[in-house]
Structure formats: structure tokens, C-alpha cells
Amino acid sequence: MVRLSVNINKIATLRNSRGGNNPDVLKVAMDCERFGAQGITVHPRPDERHIRYSDVRAIKQVITTEFNIEGNSREQKFVDLVLETKPAQVTLVPDELGQITSNHGWDTIANQDYLKYTIAMFQEAGIRVSIFVDPVPQMVEAAATTGTDRIELYTEGYATHFSHGRELAIAPYIAAAKVANEAGLGINAGHDLDLQNLKFFAAHIPGLLEVSIGHALVSDALYFGLESTIHQYLEQLKVSSV
């Protein structure tokens, strides 16, 4: 079964909007695990507008499942945090300063040398590395030569076009996944996956290992409750890839 990693950034956004510690980010992380999530994802940014660097350190001390830290490795503060906390996985995302949310993958051709150096640095510290990529075969091929362990397919395009034709929406992701499989890369995925489009995606991406879901899952939890929502997402992942 594909693993579910819950991104808790939006929980931190809600907390920060009023100050104090309500909702409690640490409790939510532990509850997500207790309700069945196989991992916790955070994406700290330089302005700490949602997850704070202190949150990352604290979460590492209390969770027992996989910890995935996403972020821009061009920021030395981020690099230092990852090397200090040593999560199970670091996901490298080519964010720009002040970016609201991640909106594109790496150009793995133009950034080949940089990625090789950065990936090796994290791997030497015993951290699995995944890099954010668009569903473009050439970018996946070049990702394989960086030495990365996994790629994370950026799925906004799939989510946007799903309601207009799911077969067309998923076609580039299937093609990219096949290239990744041939190259021996693990496959993660994330961005705008939800209860409507997740099952179809998981069923049709060969070799999919993990999805990271935050915004949609937290939004659904407002209606269904966190425990029920996590169970619903896990049900969507109980499929066999084609």
C-alpha cells in the first residue's frame, strides 16, 4: 500500500494566526500517527509563517513514524536544520523567497551539479533524499543522474485537469513514473491530491511509494474530523497499481 504522509503546515498556520499554542502542532502530529498516518511532513520557510524551525526540532522528538522535511536547500538555515534534526527523508523543493506554495519542480538538467553536491551531502548524513520534479521524462532522466533516492512528482497539473478528463490528466505522470522505475528511482507525489482524485492516481502510477497531503486533508478534517479524514485518505490508497 502507498504510504500517507500528512503535511501539517496548515495546522501551524491556524495556530500562528492567533498566537499561543492552539491548535497544538505537536499533538496533531502525534494524533495523525495514532490515527494511521505513516509519516509527518513539514515545509519550513525562512519567514516561519507556518511551521517554525523550533516546531521541526520538537516534532522530531515525539513522532515515531517517518519524518519528511521539505524545503529550499539554497537556504543555509534550512540545510543546517535538516542536518541537525536528521529526518528519515528530506525533499528538495526549488522555492523562491516569499513563494506562497511550491509551484514547479527542479530543472534537473540546469541544476545537475548543484543537485549532485547537495544530495550527496544529505546522504552522507544518513538522510534519504527526494527531489521535486515535474512529470517530464527528460527531467526524470536527469534526476536519476543526480544520485537522488527518490523523486516527488508535482501533481498540481493532474489535480487541475482531473475533472476535465482523468485519463489525459494522468498520462504524463504515468510516462514519468515509467522512466523513474527504469532508472531505479523511488516515487513520491504531492500537491493538491484529495479524496476525489487520489485513488485514481495511486492506482495508475507504477511504483508509487508515498504521497504527501496537507491542504486538502486539513480542509476535509474541518467537516469530517481529523481521525475520520485520515482513515478516508488511507482507504483511497488501498489500491493495486496497474
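Some points to look at:
- Fluctuation leader among Asn16, Asn68, Asn188 - the chain, Gaussian network, Cα springs under 10 angstrom: Asn16
- Positive-pole candidate from Thr148, Gly36, Ala159, dipole of the chain, charges at beta carbon: Gly36
- Zero-based 10 Å bins, Cα pair distances in the chain, whole percents: 8, 34, 38, 18, 2
- Across every direction, the projection of the convex hull enclosing the Cα atoms of the range 111-229 has a mean area of 8.1 nm².
- Taken along the Cα-to-beta-carbon direction at a fixed 7 Å, the label points for Asp47 and Arg18 span 2.3 nm.
- Just checking the listed ones, Tyr117, Tyr173, Tyr53: in the Gaussian network model of the chain with Cα springs under 10 Å, the one fluctuating most is Tyr117.
- Of all aspartates and glutamates in the structure, the ones whose alpha carbon falls short of 18 Å from that of Lys60, not counting any fewer than 8 places away in one chain, are Asp24, Asp31, Glu33, Glu48, Glu70, Asp80, Glu84.
- Around His161: net Lys/Arg minus Asp/Glu count, Cβ-Cβ under 13 Å: -2
- Efficiency of FRET from Cβ geometry, Ala171 and Ser219, R₀ 30 Å, rounded to 0.05: 0.65
- Student exercise, the chain dipole from Lys, Arg, Asp, Glu Cβ charges, in Debye to nearest 20: 480 debye
- Computed about its Cα centre, the charge dipole of the range 1-62 is approximately 60 debye, with only Lys, Arg, Asp and Glu carrying charge at their Cβ.
- Accessible surface calculations at 1.4 Å, restricted to protein heavy atoms, place the chain at 43 Å² per residue.
- The range 65-82 and the range 180-212 have Cα centres separated by 22 Å.
- Cα convex hull volume per residue for the range 100-154 (Å³): 80 Å³
- For Glu152, the amide hydrogen comes within under 5 Å of the amide hydrogens of Ile131, Phe132, Val133, Asn188, counting only partners 5 or more places away or on other chains and with H modelled in the peptide plane.
- Tail fraction, Cα-Cα pairs, the range 61-140, threshold 16 Å, whole percent: 52 percent
- With the biggest extent put first, the Cα atoms of the range 1-89 measure 34, 30, 20 Å across the principal axes.
- The fraction of accessible area contributed by carbon and sulfur in the chain is 53 percent, rounded to a whole number (1.4 Å probe; ligands and nucleic acids excluded).
- Of every Cα-Cα pair in the range 160-206, the percent that sits beyond 13 Å: 56 percent
- For the range 195-242, the Cα gyration tensor yields ellipsoid semi-axes of 21, 10, 8 Å (square root of five times each eigenvalue, largest first, whole Å).
- For Arg3, residues with placed amide H under 5 Å, excluding near neighbours: Glu210, Val211
- Counting heavy atoms of the protein chains alone, Arg166 has an accessible area of about 120 Å² for a 1.4 Å probe.
The values are calculated or read from the model by the stated rules, or taken from the named source; none is laboratory data. Values in this document were obtained by computation on a predicted structure and should not be read as measured data. Neighbour counts are summed over all protein chains in view; Cβ atoms, including those assigned to glycine, are modelled from backbone coordinates with ideal geometry. Accessible surface is based on the protein model in full, side chains and every heavy atom, while ligands, DNA and RNA are left aside. Shrake-Rupley method; radii C 1.70, N 1.55, O 1.52, S 1.80 Å.
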